[in-house]
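K.L.:
This is the structure I want to talk about, given as structure tokens.
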Amino acid sequence: MSEPAVSCFSNQSDPFSAAAELRHQLCFDDLSFVLFFCSTEYDLEQLAEAMNLAFPDIALAGCTTAGEITSEGYAQGAISAIGFSRGHFTVETCLIEAMDNFTLTQAQSVVESFINKGRKKQLAPIKGNSFVLTLLDGLSVQEEQVLATLSSALGNIPHFGGSAGDDVHLAHTHVFAHGAFHTGAAVVLLFNTDCEFEVFTTHHLESLSEKLVVTAAERDNRRVFELNAEPAAQEYANLIGVPVEKLTPEVFALNPLAVKIGEVFYVRSIQKVNSDLSLTFYCAVENGIVLTRMQRGDMLKNLTTQLERIEEKVGSPQLIIGCDCFLRRLEIEHLGISAQASKLLRQHKVVGFNTYGEHLEGMHINQTFTGVVIGRPCDD
């Protein structure tokens, strides 16, 4: 086994055939962990059984998606996977089964357990040579609480991740750990490695002058009833010049809103219009926040610039794990540049999934490309 990590995928529709194909592609002696991202078009109970049969002695973790990123670029209805070698990665897994009751004490216990287990088999000192990947139920409405709590306990360990999707059905999203799929849950993974790496986030959006003030909202449900003291959907539709009945996920993707924190704008993506003309968001919203209208720049140029900057530091990547908001993919499809986007992802060895939200250093964000660039082992 010459490579620290190997990516593969299957678009076989039968779960057992798909899992067998992944196993065939990841057939090497020091395989120690498999991370996978799968469409909800699969029967998930059968897929869990199939993956456990295909990898009986290998730790597995993953989640469902709103689209997959494979070694060939964007895919739909597939499974994308990464196999990690024992010689260059150790991975500790924690399943949080009750996101709504996740406390700081529990978070501290998780991190302490990670560090204690990791030190026993670490490839390099935990500090400076580890990162955390979070995979959360994308419809739980608990991401902010879990991520902020976990961040408080992680200290200086960099962390990123994505919220699971369900092919934009907005019904049920799942994470996978301990041999089964779970809802209302989170998977936290600590990677220790002797490879160079850098966690990052980027987006291609720039602020405009138009503002919307949230004047009536239910924070716990991420539901906004009024913007500028008017029905939320109507006021948003007026802002972008589209009739309310024409508001769709694609329109939301092309006309984003963001909140400014410090000097940085963070997108607050709209999930749907409700019958009472309220808007449900993918991220936290509350009374009094000011939402700024954003305009789109060149997405592929922005991503290329960011990846090339990081690759100058860590070297040619062996792999990039990417959490790419599904609204970015809708924009790419709308612009008719899917082939160019897939080519870019292939060139930079990106593997991952389209999310219902991205995670970075304790924050839940939208409409970004967030991930980790993994370079060569430090002694190469």
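The values are calculated or read from the model by the stated rules, or taken from the named source; none is laboratory data. None of these values were measured; they are calculated from a predicted model. Using ideal geometry, Cβ is built from the backbone for each residue, glycine included, and neighbour counts are taken over all protein chains shown. Side chains included, ligands, DNA and RNA excluded: accessible areas come from the protein's heavy atoms. Shrake-Rupley method; radii C 1.70, N 1.55, O 1.52, S 1.80 Å.
K.L.:
Would you mind counting up the charge near Ala232? Only other residues with Cβ under 13 Å from its Cβ, with Lys and Arg at +1 and Asp and Glu at -1.
P.N.:
Once all neighbours under 13 Å are counted, the net charge is -1.
K.L.:
Give the distance, in whole Å, between the Cα centre of segment 77-106 and the Cα centre of segment 176-204.
P.N.:
6
K.L.:
Find the Cα radius of gyration of segment 119-187, compare it with 2.2 N^0.38 Å by division, and give the number to two decimals.
P.N.:
1.29
K.L.:
Spelling out what I want: for every residue of segment 106-114, take phi, set θ = phi - 60°, compute 6.51 cos²θ - 1.76 cosθ + 1.60 (Karplus), and round to whole Hz; glycine and proline get x.
P.N.:
Values, residue by residue: 5, 4, 5, 5, 4, 5, 4, 5, 3 Hz.
K.L.:
Please identify every one of the GluC sites (Glu not before Pro) in segment 270-339 that sits in a loop by DSSP and has no more than 16 other beta carbons within 10 Å of its own beta carbon.
P.N.:
Working: sites: Glu286, Glu308, Glu311, Glu312, Glu331, Glu333; in loops: Glu286.
Here the sparse-neighbourhood loop sites are Glu286.
K.L.:
Provide Rg and Dmax in Å for the chain, with only Cα atoms included in the calculation.
P.N.:
20.1, 63
K.L.:
Can you tell me how much longer the chain between Asn228 and Glu206 gets when fully stretched, taken as 0.36 nm per residue apart minus their C-alpha distance, in nm with one decimal?
P.N.:
In short, 5.7 nm is gained.
K.L.:
Once amide H atoms are placed 1.01 Å from N in the peptide plane, what residues at a sequence separation of 5 or more from Ala59, or on another chain, have their amide H within under 5 Å of its amide H?
P.N.:
Amide H neighbours of Ala59, under 5 Å, 5+ apart: Val34.
K.L.:
Could I ask something else about it? Computed over the Cα atoms of segment 72-123, what is the convex hull's projected area averaged over all directions, in nm²?
P.N.:
The number I arrive at for segment 72-123 is 6.1 nm².
K.L.:
Given the Cα-Cα distance of Asp276 and Lys313 and 0.36 nm per residue of separation, how much length would full extension add, in nm?
P.N.:
Length gained, Asp276 through Lys313: 8.3 nm.
K.L.:
Would you compute, from DSSP H runs of 4+ residues alone, the mean residue ellipticity of the chain at 222 nm, taking -39500 (n - 2.57) per run and dividing by the full residue count, rounded to the nearest 500?
P.N.:
-8500 deg cm²/dmol
K.L.:
Taking 2.2 N^0.38 Å as the expected size of a compact globular protein, what ratio does the Cα radius of gyration of segment 104-223 give against it, to two decimals?
P.N.:
So the Cα radius of gyration is 1.28 times the expected 2.2 N^0.38 Å.
K.L.:
How large is the accessible surface per residue of the chain, computed with a 1.4 Å probe and reported in Å² as a whole number?
P.N.:
40
K.L.:
With the contact rule set at Cα under 8 Å and sequence spacing of 6 or more, what percent relative contact order holds for segment 205-296?
P.N.:
About 42 percent, as a whole number.
K.L.:
Which of Ile82, Ile96, Ile58 ends up with the largest GNM mean-square fluctuation for the chain, with Cα atoms connected below 10 Å?
P.N.:
Ile58
K.L.:
Given charges of +1 on the Cβ of Lys and Arg and -1 on the Cβ of Asp and Glu, with all other atoms neutral, how large is the dipole of the chain about its Cα centre, in debye to the nearest 20? Provide the component values of the computation, followed by the final result.
P.N.:
On the way: 26 positive and 47 negative charges, 145 e Å.
The dipole magnitude comes to about 700 debye.
K.L.:
Report, by chain and number, residues whose modeled amide H sits under 5 Å from the one on Gly322, excluding near sequence neighbours (fewer than 5 apart, same chain).
P.N.:
Residues meeting the amide H criterion: Val351, Gly352, Phe353.
K.L.:
Of all the accessible heavy-atom surface of segment 234-371, with the other protein chains kept in place and a 1.4 Å probe, what percent is carbon and sulfur? The partial results should precede the final answer.
P.N.:
Values: 2570 of 5260 Å².
Solvent-exposed carbon and sulfur of segment 234-371 make up 49 percent of the total.
K.L.:
Also, quick follow-up: Can you tell me the relative contact order of the chain? Whole percent, Cα pairs under 8 Å, sequence separation 6 or more. Present the calculation step by step, with values, prior to reporting the outcome.
P.N.:
Values: 925 pairs, mean separation 77.9, N = 380.
20 percent.
K.L.:
Considering only protein heavy atoms and a 1.4 Å probe, what is the carbon-and-sulfur percentage of the accessible area of segment 108-203?
P.N.:
48
K.L.:
Another question about this same structure. Starting at the first residue of segment 67-79, write each ³J(HN,Hα) from the Karplus equation 6.51 cos²θ - 1.76 cosθ + 1.60 with θ = phi - 60°, in whole Hz, x for Gly and Pro.
P.N.:
Values per residue, Gly and Pro as x: x, 10, 10, 10, 5, 9, x, 5, 9, 9, x, 10, 10 Hz.
K.L.:
Additional query: For segment 1-59, count the residues as N, evaluate 2.2 N^0.38 Å, and divide the Cα radius of gyration by that value, please. Let's see the in-between values first.
P.N.:
Details: Rg = 11.3 Å, N = 59, 2.2 N^0.38 = 10.4 Å.
Against the compact-globule rule of thumb, the ratio is 1.09.
K.L.:
Same structure again: What's the extension gain from Asn156 to Lys120 if we count 0.36 nm per residue and subtract their Cα-Cα distance?
P.N.:
Values: separation 36, 0.36 × 36 = 12.96 nm, distance 2.01 nm.
Between Asn156 and Lys120, full extension yields 10.9 nm more.
K.L.:
Quick one: what Rg and Dmax do you get for segment 205-296 from the alpha carbons, in Å?
P.N.:
Looking at segment 205-296, its Cα Rg and Dmax stand at 11.7, 35 Å.
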